[in-house]
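Asker: The following block contains the structure, expressed as structure tokens.
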Amino acid sequence: MRLKELQEMMLIPDREILLNRLVTINNTEVLLISITSEQQGHRLWMLSRMPETPDTQETVYRSEEPRSNREKIQQQTDFGHQEDFISQMIIQGQTLTFHSSESNFITEQDFGAYMKLQHFVEKGADFTSFADVELNRLCLTVNEQDPSLPFPDFDLDKELDITLKFDGTVRSVPVQIEPIVLEFGEVQPAIQYSFHDSVHDKSRFFYINAVTRYDIWQEALTTFEKPMPQGYTDKEWQSYQDQYRESLESAYSKNEELVLVEYESEDNVQLNFYAQDHLDAKPRSRSGSGDLALFFKSDRELGPHGLNSRIGMVGPVDKEFGGSVTIELLSGYVELPGKTIKL
């Protein structure tokens with residue numbers, strides 16, 4: 001590392017207002033540290049800890065490769081909260097609007113985080129509540145304000161009354177239900193399943209209407225046999241085909257096809273189903289240029305139960321496979337309205 005690279009990690013603000021306010025947001029202690037102004041813009045700095053819940057007690061931010069697809073999915077799924085991103089903060093009638101946020105857990109080699117924490121301590125930040133917390137369970141968050149907006153001018157002799165605003169958003173929620181065993185084809189008779197939505201503290205229902213196969217290799221071949229799309233040059237179209245084939249070969253063998261489920265859910269909640277065999281299998285090494293993103297849409301707008309029809313991909317299966325499929329529902333996406341918290 002060069003000295004100039006180390007300097008870029010340092011926090012040397014032109015102006016700074018120390019907030020030093022310990023608050024509880026979504027049952028998690030958060031320290032609103034300070035608001036700083038630099039050439040890059042105005043920033044709100046916060047420190048928090050990973051909450052001690054059954055879902056996170058065993059979570060360790062490490063570099064080891066996951067031993068199964070289940071572990072990989074659990075590591076990649078963000079069961080965050082609406083309060084993860086503050087869209088506005090109002091103090092003494094002045095509004096700070098933030099357009100982006102970045103959060104990082106502190107590692108032992110994170111020199112930039114060390115220097116920032118040292119700066120805050122020198123300015124008078126009180127980290128007593130986090131003194132005994134392991135570094136890799138501490139999260140340093142910075143919310144960015146547009147630099148064209150004015151830096152706040154608070155009367156520091158008066159109380160800093162703080163109001164936080166959070167935009168409406170969509171969040172992933174973990175789901176725990178018994179595995180479901182299904183045969184290929186239409187699902188008869190119709191069974192209503194349910195799961196607990198921990199965000200809204202309510203039970204939600206869904207139906208699985210069909211289990212089908214999708215030959216992704218044949219679909220790719222059919223697509224590439226069609227005339228070249230407008231806007232592509234011959235070289236660009238060939239490059240796209242080569243990259244797609246490379247990603248496809250890295251993800252699936254030519255003896256596999258994909259298992260899809262058609263389902264309906266209360267309030268049109270998107271559900272994430274996975275084949276149990278796929279979850280228990282070891283992740284495949286990827287040699288392609290990137291992960292393959294696949295999206296599916298139902299052929300009909302409404303399902304037989306009058307709800308929006310959705311399609312979910314649950315995993316690959318050998319083309320010769322003809323038995324039943326055991327699937328698990330691991331998570332779903334729910335909508336959250338805007339929220340205001342007065343501290």
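The values are calculated or read from the model by the stated rules, or taken from the named source; none is laboratory data. Values in this document were obtained by computation on a predicted structure and should not be read as measured data. So basically every Cβ, Gly included, is an ideal-geometry build from the backbone, and we count neighbours across all protein chains shown.
Asker: With the condition kept exactly as written, say whether any residue in the stretch 101-119 is under 12 Å from GLU144 (Cβ atoms) and among the aromatic types (Phe, Trp, Tyr).
Answerer: no
Asker: Residue check: is GLU335 farther than 19 Å from TYR214 by Cα, free of Cβ contacts under 8 Å to residues at least 24 places away in the same chain, out of contact with any Lys or Arg (no Cβ under 6 Å at 6 or more places or on another chain) and surrounded by fewer than 20 Cβ atoms within 10 Å (Cβ to Cβ)?
Answerer: So GLU335 does not fit the description; no.
Asker: So which residues in the stretch 197-236 are part of a loop (DSSP other than H, G, I, E, B) and out of contact with any His (no Cβ under 9 Å at 6 or more places or on another chain)?
Answerer: Answer for the stretch 197-236, where residues must be part of a loop (DSSP other than H, G, I, E, B) and out of contact with any His (no Cβ under 9 Å at 6 or more places or on another chain): SER198, HIS200, ASP201, ASP215, LYS226, PRO227, MET228, PRO229, GLN230, GLY231, TYR232, THR233.
Asker: Inside the stretch 199-215, can you point out the residues that are in contact with a strand residue (DSSP E or B) (Cβ under 6 Å, 6 or more places away or on another chain) and not hydrophobic (A, V, I, L, M, F, W, C)?
Answerer: First, the residues of the stretch 199-215 that are in contact with a strand residue (DSSP E or B) (Cβ under 6 Å, 6 or more places away or on another chain): 199, 203-215.
Once the filter is applied, which keeps residues that are in contact with a strand residue (DSSP E or B) (Cβ under 6 Å, 6 or more places away or on another chain) and not hydrophobic (A, V, I, L, M, F, W, C), the stretch 199-215 yields SER203, ARG204, TYR207, ASN209, THR212, ARG213, TYR214, ASP215.
Asker: Could you please give the count of residues in the stretch 299-318 that are under 20 Å from SER331 (Cα atoms) and not β-branched (Val, Ile, Thr)?
Answerer: 8
Asker: Continuing with the same structure: Look through LEU343, LEU329, LEU294, LEU336 and report the one residue that is modelled with pLDDT of 90 or more and not β-branched (Val, Ile, Thr).
Answerer: Going through LEU343, LEU329, LEU294, LEU336 in turn, just one is modelled with pLDDT of 90 or more and not β-branched (Val, Ile, Thr): LEU329.
Asker: Can you name the condition, by its number, that SER285 falls short on among (1) assigned to a loop (DSSP other than H, G, I, E, B); (2) under 25 Å from GLY168 (Cβ atoms)?
Answerer: (2)
Here's the yes/no breakdown for (1) in the same structural domain as ILE90 (by TED's automatic domain parsing); (2) touching a residue at least 40 places away in the same chain (Cβ under 8 Å); (3) surrounded by fewer than 16 Cβ atoms within 10 Å (Cβ to Cβ); (4) among the small types (Gly, Ala, Ser):
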{"site": "GLN238", "(1), (2), (3), (4)": "no, no, yes, no"}
{"site": "GLU256", "(1), (2), (3), (4)": "no, yes, no, no"}
{"site": "TYR274", "(1), (2), (3), (4)": "no, yes, no, no"}
{"site": "LYS297", "(1), (2), (3), (4)": "no, no, yes, no"}
{"site": "ARG310", "(1), (2), (3), (4)": "no, yes, no, no"}
{"site": "MET313", "(1), (2), (3), (4)": "no, yes, no, no"}
{"site": "SER331", "(1), (2), (3), (4)": "no, yes, no, yes"}
{"site": "ILE341", "(1), (2), (3), (4)": "no, yes, yes, no"}
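Asker: For the list (1) assigned by TED's automatic domain parsing to the domain that holds ILE311; (2) farther than 23 Å from GLU335 by Cβ; (3) out of contact with any helix residue (DSSP H, G or I) (no Cβ under 7 Å at 6 or more places or on another chain); (4) at pLDDT 90 or above, I need the number of the one condition that ILE177 fails.
Answerer: (2)
Asker: Across the stretch 83-122, what is the total count of residues that are surrounded by fewer than 16 Cβ atoms within 10 Å (Cβ to Cβ) and among the charged types (D, E, K, R)?
Answerer: Within the stretch 83-122, residues that are surrounded by fewer than 16 Cβ atoms within 10 Å (Cβ to Cβ) and among the charged types (D, E, K, R) number 3.
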